[in-house]
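Contents: one structure, followed by commentary.
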Amino acid sequence: MKRHAMSKYFGSGAGHVLRQHNNAVLLFSWRGKPDGSARYVEHLNCYVRNGLEYPSLAALLRAVEAEHAYKKT
């Protein structure tokens, strides 16, 4: 049986997030290099990355993009 994954590019194509089917862990890369992970916490109905909670995937992706914008300056 083939397992599907969720894969999404964000940050004008610089960021990529991958989640294996039925897995709470999201793996990030930025410009092709590993960039940590996040976890979906079902009982809290939120995503957690680096100890911070995000109410939605969109909010999480915006935060990751902002991390990299901040690193540029």
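If the condition is being open to solvent by less than 50 Å² (accessible area, probe 1.4 Å) and in contact with a helix residue (DSSP H, G or I) (Cβ under 8 Å, 6 or more places away or on another chain), then the range 51-73 contributes only TYR54.
Only residues that are open to solvent by 50 Å² or more (accessible area, probe 1.4 Å) and under 11 Å from the mean Cα position of the chain (by Cα) were counted across the range 19-33, and they come to 2. If you scan the range 9-38, which residues turn out to be under 23 Å from LYS71 (Cα atoms), in contact with a strand residue (DSSP E or B) (Cβ under 7 Å, 6 or more places away or on another chain) and of a type outside the set (A, V, I, L, M, F, W, C)? Within the range 9-38, TYR9, GLY15, HIS16, SER29, ASP35, GLY36, SER37 meet the criteria.
Among the residues of the range 40-50, those that are open to solvent by 70 Å² or more (accessible area, probe 1.4 Å) and farther than 18 Å from PHE10 by Cβ comprise GLU42, HIS43, LEU44, ASN45.
The values are calculated or read from the model by the stated rules, or taken from the named source; none is laboratory data. This one's a predicted model, so the numbers in the text were calculated from it and none came from an experiment. Heads up, the Cβs are rebuilt from the backbone with ideal geometry, glycines too, and the neighbour counts pull from every protein chain shown. Accessible surface is based on the protein model in full, side chains and every heavy atom, while ligands, DNA and RNA are left aside. Shrake-Rupley method; radii C 1.70, N 1.55, O 1.52, S 1.80 Å.
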